[in-house]
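The values are calculated or read from the model by the stated rules, or taken from the named source; none is laboratory data. The shown structure was predicted, so the numbers you read here are calculated from the model rather than taken from an experiment. Backbone-built Cβ (ideal geometry, glycine too); neighbour counts: all protein chains shown. Please note that ligands, DNA and RNA were not included when accessible areas were found on the heavy atoms of the full protein model with its side chains. Shrake-Rupley method; radii C 1.70, N 1.55, O 1.52, S 1.80 Å.
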Amino acid sequence: MNIIVAVDKNWAIGNRGDLLIRIPNDHKHFREETTGKVVVLGRRTLETFPQGMPLKNRTNIILTHDTEYQVKDAVIAHSVEELLEQLKAYNEEDVYVIGGDSVYRQLLPYCDVAHVTKIDHAYEADAYFPDLDRDPQWEITADSEEQTYFDIAYQFIKYERRK
(Lines give C-alpha, C1' and ligand atoms only; values in the text may rest on other atoms or scores of the structure.)
Protein backbone atom coordinates (compact mmCIF):
# COMPACT_ATOMS: atom_id res chain seq x y z
CA MET A 1 0.00 0.00 0.00
CA ASN A 2 1.13 3.56 -0.77
CA ILE A 3 0.84 6.84 1.06
CA ILE A 4 0.93 10.15 -0.80
CA VAL A 5 1.41 13.41 1.10
CA ALA A 6 2.80 16.94 0.84
CA VAL A 7 4.79 18.10 3.89
CA ASP A 8 6.68 21.22 4.89
CA LYS A 9 10.18 21.19 6.38
CA ASN A 10 8.69 20.26 9.80
CA TRP A 11 6.56 17.45 8.31
CA ALA A 12 3.42 19.58 8.73
CA ILE A 13 0.54 18.75 6.39
CA GLY A 14 -2.27 21.11 7.28
CA ASN A 15 -3.70 23.94 9.31
CA ARG A 16 -7.31 24.38 10.43
CA GLY A 17 -8.55 21.64 8.12
CA ASP A 18 -6.85 22.92 4.98
CA LEU A 19 -3.68 22.27 3.01
CA LEU A 20 -0.65 24.43 3.80
CA ILE A 21 -0.20 25.51 0.17
CA ARG A 22 -1.58 24.54 -3.21
CA ILE A 23 1.18 23.83 -5.72
CA PRO A 24 -0.23 23.07 -9.18
CA ASN A 25 2.60 20.66 -10.08
CA ASP A 26 2.02 18.77 -6.81
CA HIS A 27 -1.68 18.40 -7.69
CA LYS A 28 -0.65 17.14 -11.15
CA HIS A 29 1.72 14.62 -9.53
CA PHE A 30 -1.11 13.50 -7.20
CA ARG A 31 -3.50 13.04 -10.14
CA GLU A 32 -0.91 11.07 -12.15
CA GLU A 33 -0.18 8.76 -9.21
CA THR A 34 -3.79 8.12 -8.13
CA THR A 35 -6.01 8.24 -11.23
CA GLY A 36 -7.49 4.81 -11.91
CA LYS A 37 -6.41 3.62 -8.45
CA VAL A 38 -7.95 3.24 -4.99
CA VAL A 39 -7.73 6.19 -2.60
CA VAL A 40 -8.30 5.84 1.14
CA LEU A 41 -9.21 8.93 3.13
CA GLY A 42 -11.01 10.14 6.18
CA ARG A 43 -14.42 11.80 6.25
CA ARG A 44 -13.03 15.22 7.20
CA THR A 45 -10.60 15.10 4.26
CA LEU A 46 -13.44 14.22 1.89
CA GLU A 47 -15.42 17.20 3.19
CA THR A 48 -12.61 19.55 2.04
CA PHE A 49 -13.02 18.42 -1.57
CA PRO A 50 -15.22 20.40 -4.02
CA GLN A 51 -18.86 19.80 -2.97
CA GLY A 52 -17.51 17.18 -0.55
CA MET A 53 -17.61 14.65 -3.37
CA PRO A 54 -15.27 11.69 -3.98
CA LEU A 55 -12.41 12.08 -6.46
CA LYS A 56 -13.31 11.21 -10.04
CA ASN A 57 -11.74 8.23 -11.85
CA ARG A 58 -10.72 6.52 -8.61
CA THR A 59 -12.26 4.08 -6.15
CA ASN A 60 -12.78 6.18 -3.00
CA ILE A 61 -12.84 4.41 0.35
CA ILE A 62 -13.79 6.61 3.29
CA LEU A 63 -12.63 5.60 6.78
CA THR A 64 -15.03 6.92 9.44
CA HIS A 65 -16.34 5.79 12.81
CA ASP A 66 -19.75 7.30 11.96
CA THR A 67 -21.95 4.26 11.25
CA GLU A 68 -24.65 6.49 9.70
CA TYR A 69 -22.25 8.15 7.23
CA GLN A 70 -22.92 7.55 3.54
CA VAL A 71 -21.65 9.27 0.42
CA LYS A 72 -22.52 8.68 -3.22
CA ASP A 73 -19.87 6.88 -5.30
CA ALA A 74 -17.72 5.88 -2.31
CA VAL A 75 -17.16 2.80 -0.19
CA ILE A 76 -17.33 3.29 3.58
CA ALA A 77 -15.20 1.49 6.18
CA HIS A 78 -15.83 1.97 9.90
CA SER A 79 -12.57 0.54 11.26
CA VAL A 80 -9.03 -0.22 10.12
CA GLU A 81 -9.86 -3.93 10.29
CA GLU A 82 -12.92 -3.48 8.05
CA LEU A 83 -10.85 -1.34 5.66
CA LEU A 84 -8.07 -3.93 5.41
CA GLU A 85 -10.67 -6.60 4.65
CA GLN A 86 -12.16 -4.43 1.86
CA LEU A 87 -8.70 -3.72 0.43
CA LYS A 88 -8.11 -7.43 -0.18
CA ALA A 89 -10.22 -6.97 -3.33
CA TYR A 90 -7.55 -4.65 -4.82
CA ASN A 91 -3.90 -4.89 -5.79
CA GLU A 92 -2.09 -3.31 -2.83
CA GLU A 93 0.23 -1.44 -5.21
CA ASP A 94 -2.86 0.42 -6.50
CA VAL A 95 -3.98 1.64 -3.05
CA TYR A 96 -3.05 5.18 -1.96
CA VAL A 97 -3.72 6.61 1.49
CA ILE A 98 -4.39 10.34 0.96
CA GLY A 99 -5.15 11.70 4.45
CA GLY A 100 -5.81 13.31 6.77
CA ASP A 101 -3.41 13.06 9.66
CA SER A 102 -5.28 10.47 11.77
CA VAL A 103 -5.80 8.23 8.72
CA TYR A 104 -2.12 8.59 7.80
CA ARG A 105 -1.07 7.58 11.32
CA GLN A 106 -3.44 4.61 11.47
CA LEU A 107 -2.42 3.25 8.06
CA LEU A 108 1.31 4.06 7.83
CA PRO A 109 2.22 0.71 9.48
CA TYR A 110 0.49 -1.08 6.55
CA CYS A 111 2.26 0.95 3.83
CA ASP A 112 5.51 0.07 2.06
CA VAL A 113 5.86 3.15 -0.19
CA ALA A 114 5.47 6.84 0.63
CA HIS A 115 5.31 9.48 -2.11
CA VAL A 116 6.25 12.71 -0.33
CA THR A 117 6.26 16.20 -1.77
CA LYS A 118 8.74 18.00 0.50
CA ILE A 119 8.25 21.75 0.60
CA ASP A 120 11.25 23.76 1.77
CA HIS A 121 9.28 26.16 3.96
CA ALA A 122 7.85 26.09 7.49
CA TYR A 123 4.16 26.93 7.76
CA GLU A 124 1.86 27.54 10.70
CA ALA A 125 0.28 24.14 11.16
CA ASP A 126 -1.78 21.93 13.44
CA ALA A 127 -1.57 18.62 11.55
CA TYR A 128 1.60 16.62 10.97
CA PHE A 129 2.87 13.52 9.20
CA PRO A 130 5.40 11.22 10.91
CA ASP A 131 9.00 12.25 10.06
CA LEU A 132 10.22 9.43 7.80
CA ASP A 133 13.75 10.86 7.75
CA ARG A 134 14.07 9.98 11.45
CA ASP A 135 12.43 6.57 11.12
CA PRO A 136 15.02 3.82 10.51
CA GLN A 137 12.33 1.65 8.88
CA TRP A 138 12.19 4.02 5.88
CA GLU A 139 14.74 4.96 3.24
CA ILE A 140 14.73 7.33 0.28
CA THR A 141 14.76 5.37 -2.98
CA ALA A 142 14.11 8.16 -5.51
CA ASP A 143 13.94 11.94 -5.63
CA SER A 144 13.27 14.59 -8.24
CA GLU A 145 15.23 17.69 -9.08
CA GLU A 146 14.34 20.62 -6.86
CA GLN A 147 11.48 22.62 -8.35
CA THR A 148 10.03 25.99 -7.45
CA TYR A 149 6.57 27.49 -7.19
CA PHE A 150 7.07 31.24 -7.03
CA ASP A 151 9.80 31.42 -4.35
CA ILE A 152 8.97 28.09 -2.66
CA ALA A 153 11.32 25.18 -3.38
CA TYR A 154 10.00 21.60 -3.30
CA GLN A 155 10.82 18.15 -4.56
CA PHE A 156 9.14 14.79 -4.95
CA ILE A 157 10.72 12.08 -2.80
CA LYS A 158 9.91 8.37 -2.74
CA TYR A 159 10.46 6.49 0.50
CA GLU A 160 10.28 2.72 0.81
CA ARG A 161 10.05 0.59 3.90
CA ARG A 162 13.29 -1.31 4.45
CA LYS A 163 12.86 -5.05 3.92
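Here the Gaussian network model covers the chain, with springs between Cα atoms less than 10 Å apart; of 76, 152, 119, 152 fluctuates the most.
Carbon and sulfur atoms: what percent of the 1.4 Å accessible area of the chain do they account for?
Here it works out to 46 percent.
By the Cα gyration tensor, the range 50-97 has an equivalent ellipsoid whose semi-axes, rounded to whole angstrom, run 18, 16, 7 from largest to smallest.
Under conditions of 37 °C and 0.692 mPa s, the range 1-60 yields 260 µm² s⁻¹ as its translational diffusion coefficient, taking Rh as the Kirkwood radius over Cα pairs in the Stokes-Einstein equation. A simple charge model with +1 on the Cβ of Lys and Arg, -1 on the Cβ of Asp and Glu and nothing else charged puts the dipole of the chain at about 320 debye relative to its Cα centre. Within the shell of other residues whose beta carbon sits under 14 angstrom from the beta carbon of residue 21, the net charge comes to -2, with Lys and Arg scored +1 and Asp and Glu -1. Using R0 = 22 Å, the C-beta based FRET efficiency linking residue 162 and residue 142 works out to 0.90.
Overall, the anisotropy analysis places the range 72-112 in the rounded class: the square-rooted eigenvalues a ≥ b ≥ c of its C-alpha gyration tensor yield a/c less than 1.5.
FRET efficiency for the pair residue 150 and residue 28, taken as 1/(1 + (r/R0)^6) with r the Cβ-Cβ distance and R0 = 22 Å, rounds to 0.85. For the chain, the solvent-accessible area of protein heavy atoms averages 57 Å² per residue (probe radius 1.4 Å; ligands and nucleic acids excluded).
If I build a Gaussian network model for the chain, linking alpha-carbon pairs within less than 10 angstrom, which residue out of 80, 103, 38 has the largest mean-square fluctuation? Greatest mean-square fluctuation among the candidates belongs to 80. Comparing 59, 113, 5 along the charge dipole axis of the range 1-143, the residue lying farthest to the positive side is 59, per the Cβ-charge model. Each Cα pair under 8 Å and six or more residues apart adds its sequence gap; the mean of these over the residue count of the chain is a relative contact order of 32 percent.
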